[in-house]
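Student: Submitted below is the structure of interest, expressed as structure tokens.
The values are calculated or read from the model by the stated rules, or taken from the named source; none is laboratory data. Nothing here was measured: the structure is a model prediction, and the numbers come from that model. Neighbour counts are summed over all protein chains in view; Cβ atoms, including those assigned to glycine, are modelled from backbone coordinates with ideal geometry.
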């Protein structure tokens with residue numbers, strides 16, 4: 001009999017590749033594309049926070065670096081998307097060394113403060129370095145930007161239908177690499193550092209090296225997510241890459257199940273769907289405030305009901321179903 005985990009992966013892949021054939025509404029297709037981008041983003045932060053136990057409050061900055069890198073290379077210099085995509089991840093990873101190397105010897109809230117300061121500084125760079133980022137309005141239409149940030153060739157990927165498949169192919173490749181990493185000896189070193197950093201160091205692990213590796217790899221995939229976002233939205237604006245967005249990504253990690261592979265996927269889906277459900281079609285200020293209050297209440301309820309995250313619920317349900325099937329036999 002096929003293992004439930006393998007069966008779940010097969011069913012998931014079938015659903016992912018058949019879903020656009022059933023979903024005809026452009027709005028729902030947009031939600032699905034954003035889910036794919038956020039799955040990469042949340043999974044990349046989970047590698048740092050969940051598996052290695054480090055506090056990072058600047059993850060969205062590397063998401064933005066990837067978006068700006070890819071957008072500028074393609075829209076301004078005419079590079080191919082297929083070249084700009086991996087370079088977006090590489091530039092984000094290289095930039096992460098500015099905060100990663102000097103700060104990852106810090107621990108706990110000290111590291112959190114350092115990453116927060118980096119997030120504030122880099123958001124100011126996004127907003128004020130006009131020669132590079134065309135801020136504060138982002139990359140506009142105009143000379144060299146008539147079509148903004150173009151979708152990749154061939155023409156199939158220029159439609160939302162085609163871009164959906166591009167997004168999820170890259171998402172699946174990213175998830176596969178992250179899964180292999182966290183289930184390797186390197187991943188076990190990450191977990192050892194998370195559980196007890198001092199003990200891991202006493203056992204001979206080069207703690208600084210592994211923390212730096214987790215941070216760099218996580219930022220690389222954040223850059224990949226940023227590239228996908230830029231070419232999907234066809235523009236890049238600095239307001240997308242703020243500290244508040246970093247907090248949303250961190251909430252996705254916690255709600256989904258911190259330090260779990262499935263949790264990153266579930267948390268990303270939660271963080272895309274719930275705000276859309278609560279997006280009331282009214283412009284009044286009090287309605288926006290009400291939306292934020294309801295959103296906060298939903299988060300509090302979810303965290304209290306599921307302290308192990310949504311992945312914990314899925315795991316419990318899976319155990320119940322497995323045991324019931326064994327009893328029937």
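Student: Which of the residues belonging to the range 208-243 are in contact (Cβ under 8 Å) with a residue 40 or more places away in the chain, over 21 Å from residue 180 (Cα atoms) and part of a helix (DSSP H, G or I)?
Tutor: Of the range 208-243, the ones in contact (Cβ under 8 Å) with a residue 40 or more places away in the chain are 208, 210-212, 214-238, 240-243.
Applying the additional criterion that residues be over 21 Å from residue 180 (Cα atoms) yields 208, 226-238, 240-243.
208, 226, 227, 228, 229, 230, 231, 232, 233, 238, 240, 243 - these are the residues of the range 208-243 that are in contact (Cβ under 8 Å) with a residue 40 or more places away in the chain, over 21 Å from residue 180 (Cα atoms) and part of a helix (DSSP H, G or I).
Student: Restricting to the range 182-193, count the residues that are surrounded by fewer than 19 Cβ atoms within 10 Å (Cβ to Cβ) and touching a residue at least 40 places away in the same chain (Cβ under 8 Å).
Tutor: Total satisfying the criteria: 1.
Conditions tested, residue by residue: (1) modelled with pLDDT under 90; (2) under 26 Å from residue 69 (Cβ atoms); (3) surrounded by fewer than 18 Cβ atoms within 10 Å (Cβ to Cβ); (4) touching a strand residue (DSSP E or B) at 6+ places or on another chain (Cβ under 9 Å).
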{"residue": "249", "(1), (2), (3), (4)": "no, yes, no, no"}
{"residue": "264", "(1), (2), (3), (4)": "no, yes, no, no"}
{"residue": "304", "(1), (2), (3), (4)": "yes, no, yes, no"}
{"residue": "310", "(1), (2), (3), (4)": "yes, no, no, no"}
{"residue": "324", "(1), (2), (3), (4)": "yes, no, yes, no"}
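Student: Six or more apart or on different chains, Cβ under 7 Å: which pairs go from a residue in the range 316-329 that's more than 16 Å from residue 8 (Cβ to Cβ) to one that's assigned to a helix (DSSP H, G or I) and at pLDDT 65 or above? Could you list them?
Tutor: none
Student: Just to check your reading of the model, which residue among 39, 33 is in contact with a helix residue (DSSP H, G or I) (Cβ under 9 Å, 6 or more places away or on another chain), modelled with pLDDT of 90 or more, in a helix (DSSP H, G or I) and under 30 Å from residue 206 (Cα atoms)? Full working, then the answer.
Tutor: Details: 33 fails: under 30 Å from residue 206 (Cα atoms).
Just a single option satisfies the conditions, and that option is 39.
Student: Hey, another quick one. From the list 69, 95, 60, pick out the single residue that is touching a helix residue (DSSP H, G or I) at 6+ places or on another chain (Cβ under 7 Å), surrounded by fewer than 21 Cβ atoms within 10 Å (Cβ to Cβ) and part of a helix (DSSP H, G or I).
Tutor: Working: 69 fails: surrounded by fewer than 21 Cβ atoms within 10 Å (Cβ to Cβ); 60 fails: surrounded by fewer than 21 Cβ atoms within 10 Å (Cβ to Cβ).
95 is the lone residue from the list that is touching a helix residue (DSSP H, G or I) at 6+ places or on another chain (Cβ under 7 Å), surrounded by fewer than 21 Cβ atoms within 10 Å (Cβ to Cβ) and part of a helix (DSSP H, G or I).
Student: Return the pairs, sorted by first residue and then second, in which the second residue is part of a loop (DSSP other than H, G, I, E, B), the first residue lies in the range 25-38 and is more than 20 Å from residue 173 (Cα to Cα), the beta carbons are less than 7 Å apart, and the residues are 6+ apart or on different chains.
Tutor: Sorted first by the residue in the range 25-38, then by its partner, the pairs are 29/23.
Student: Separate question: Which of the helices (runs of 4 or more DSSP H) found entirely inside the range 125-207 contain at least 1 residues meeting this: modelled with pLDDT under 90, within 26 Å of residue 258 (Cα to Cα) and touching a helix residue (DSSP H, G or I) at 6+ places or on another chain (Cβ under 6 Å)?
Tutor: 197-202
Student: Please state which of the following conditions residue 21 fails to meet, knowing it meets all the rest: (1) at pLDDT below 90; (2) over 24 Å from residue 120 (Cβ atoms); (3) not in a helix (DSSP H, G or I).
Tutor: Residue 21 satisfies all of (1) at pLDDT below 90; (2) over 24 Å from residue 120 (Cβ atoms); (3) not in a helix (DSSP H, G or I) except (3).
Yes/no matrix, rows are residues, columns are (1) closer than 21 Å to residue 181 by Cβ; (2) within 21 Å of the chain's Cα centre (by Cα):
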{"residue": "6", "(1), (2)": "yes, no"}
{"residue": "10", "(1), (2)": "no, no"}
{"residue": "23", "(1), (2)": "no, no"}
{"residue": "37", "(1), (2)": "yes, yes"}
{"residue": "67", "(1), (2)": "no, yes"}
{"residue": "75", "(1), (2)": "no, no"}
{"residue": "86", "(1), (2)": "yes, yes"}
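Student: Specify the residue that is modelled with the lowest pLDDT; the eligible residues are those in the range 1-11 that are assigned to a helix (DSSP H, G or I) and touching a helix residue (DSSP H, G or I) at 6+ places or on another chain (Cβ under 9 Å). Write out each step before concluding.
Tutor: First, the residues of the range 1-11 that are assigned to a helix (DSSP H, G or I): 4-11.
Next, from what is left, pick out any that are touching a helix residue (DSSP H, G or I) at 6+ places or on another chain (Cβ under 9 Å): 4-5, 8.
On the way: 4: 62, 5: 67, 8: 71.
Within the range 1-11, the match that is modelled with the lowest pLDDT is 4.
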